[in-house]
1. Take segment 63-93 and flag every residue that is of a type outside the set (A, V, I, L, M, F, W, C), under 17 Å from Ala122 (Cβ atoms) and out of contact with any Phe, Trp or Tyr (no Cβ under 6 Å at 6 or more places or on another chain).
2. Under the condition of being part of a loop (DSSP other than H, G, I, E, B), touching a strand residue (DSSP E or B) at 6+ places or on another chain (Cβ under 8 Å) and aliphatic (A, V, I, L, M), which residue from segment 182-215 is farthest from Val145 (Cα to Cα)?
3. Check segment 260-271 and report whether any residue there is within 27 Å of the chain's Cα centre (by Cα) and not acidic (Asp, Glu).
4. Do we have any residue at all in segment 239-255 that's part of a loop (DSSP other than H, G, I, E, B), out of contact with any Lys or Arg (no Cβ under 7 Å at 6 or more places or on another chain), touching a residue at least 12 places away in the same chain (Cβ under 8 Å) and β-branched (Val, Ile, Thr)?
5. So which of Gly110, Gly106 ends up being closer than 16 Å to Leu85 by Cα and in a strand (DSSP E or B)?
6. Specify the residue that is surrounded by the most Cβ atoms within 10 Å (Cβ to Cβ); the eligible residues are those in segment 272-310 that are among the charged types (D, E, K, R) and in a helix (DSSP H, G or I).
7. Give me the pairs: first residue in segment 134-148 and over 16 Å from Ser221 (Cα atoms), second residue charged (D, E, K, R) and modelled with pLDDT of 95 or more, beta-carbon distance under 7 Å, and six or more apart or on different chains, which are they?
Amino acid sequence: MALDFFLTKEMLDEYTTEQRNESSLDIDSKTALEIVTIINSEDKKVAFAVEKILPEIAALVDDVVAAFRKGGRLIYIGAGTSGRLGVLDASECPPTYGVSPGMVQGLIAGGQEALTCSIENAEDSAGEGAADLRRIGFGPDDVLVGITASGQAPYVLGALEYARNIGAFTGAISCNRNSRTFEIAKHKLFVNVGPEVVTGSTRMKSGTAQKLILNMISTASMIRLGKVYRNLMVDLKPVNHKLILRSIRLIREVTGCSEEKAREAFESSAGGSVKNPKTAIVMVLLGKTREEALALLEKSGGHISALVEKGAD
């Protein structure tokens with residue numbers, strides 16, 4: 001695919017995201033309650049649209065996990081709302097799952113300024129998408145997920161083509177069946193949410209669908225890496241008072257120990273580094289020292305459940 005992608009009026013007319021929604025044709029004459037009711041009715045369709053592509057999402061997750069286990073990274077790239085959603089999902093992974101800030105990253109057309117100010121023409125450069133990947137040292141062990149509601153943002157297309165050409169896994173999230181991203185990406189996540197309530201306003205249903213899918217990709221990947229025990233985020237980074245209290249509560253909830261014991265294990269889990277509730281949980285559950293708990297977790301790939309099931313000794 002040529003990087004000098006040119007969008008024509010005829011192409012735009014074909015995009016689902018550019019069609020008029022029959023349910024909201026006279027929305028400008030409605031009361032506030034009627035307007036939000038229409039929006040809510042359309043939003044209800046989003047989760048069902050995502051449900052239809054769960055196998056495709058799961059296949060992408062498997063490649064992301066495989067990349068992580070090789071030391072690779074997950075990179076989201078997008079423009080406008082799509083780019084902001086990618087940056088948001090990436091930024092929440094370190095505090096939630098205790099991973100390094102570089103493990104999951106979000107790139108947006110226009111850079112940091114575009115996070116708070118609209119820079120609409122930034123998406124028109126395919127070369128800049130590839131250049132942004134080169135700037136972060138994107139390599140064949142990494143995974144790139146392109147996010148674009150219409151599926152035609154040159155910035156994303158250029159990045160996807162660069163990633164494919166160097167042998168990296170690629171995925172694309174789009175709300176148009178004829179998305180140009182699907183000509184490039186290995187994993188084609190077409191989520192058919194239908195026309196927007198306000199024609200072309202893809203921050204609405206399309207953005208909601210993207211957010212749901214990104215939540216699934218990062219959360220499922222982290223669960224597969226052992227960052228969750230049962231349904232508890234045991235690998236969180238306790239960097240503020242609320243998270244310290246949550247960590248102690250996690251230790252108590254999982255082990256059934258007293259608050260005093262939980263606090264003691266939590267403090268002992270640091271060993272000169274950041275305190276870690278997961279380490280403390282293994283210490284209490286299996287009666288191990290910090291060093292022994294860390295060794296067991298490394299052996300189990302970070303999965304507490306594997307240690308509990310085997311009755312590690």
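The values are calculated or read from the model by the stated rules, or taken from the named source; none is laboratory data. What you see is a predicted model, and the numbers here were worked out from it, not measured in a lab. So basically every Cβ, Gly included, is an ideal-geometry build from the backbone, and we count neighbours across all protein chains shown.
1. Across segment 63-93, the qualifying residues are Tyr76, Gly78, Gly80, Thr81, Ser82, Gly83, Arg84.
2. Applying the first criterion (part of a loop (DSSP other than H, G, I, E, B)) to segment 182-215 yields 184-186, 191-204.
So of that shortlist, the ones also touching a strand residue (DSSP E or B) at 6+ places or on another chain (Cβ under 8 Å) come out as 184-186, 191.
Next cut, aliphatic (A, V, I, L, M) only: 184-185, 191.
On the way: Ile184: 11, Ala185: 8, Val191: 14 Å.
Result: Val191.
3. Scanning segment 260-271, I find no residue that is within 27 Å of the chain's Cα centre (by Cα) and not acidic (Asp, Glu), so the answer is no.
4. Quick first cut of segment 239-255, residues part of a loop (DSSP other than H, G, I, E, B) only: 239-240.
Still in the list and also out of contact with any Lys or Arg (no Cβ under 7 Å at 6 or more places or on another chain): 239-240.
After this cut, where a residue has to be touching a residue at least 12 places away in the same chain (Cβ under 8 Å) as well, the list is 239.
Going one step further and asking which of them are β-branched (Val, Ile, Thr), we end up with 239.
Yes; the residues of segment 239-255 include at least one that is part of a loop (DSSP other than H, G, I, E, B), out of contact with any Lys or Arg (no Cβ under 7 Å at 6 or more places or on another chain), touching a residue at least 12 places away in the same chain (Cβ under 8 Å) and β-branched (Val, Ile, Thr).
5. Checking each option against the conditions leaves just Gly106.
6. Only one residue tops the list, namely Lys278.
7. No pair meets every condition.
Residues checked against (1) modelled with pLDDT of 95 or more; (2) among the polar types (S, T, N, Q); (3) loosely packed, with under 15 Cβ neighbours inside 10 Å:
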position	(1), (2), (3)
Asp13	no, no, yes
Lys30	yes, no, yes
Lys70	yes, no, yes
Leu74	yes, no, no
Ala79	no, no, no
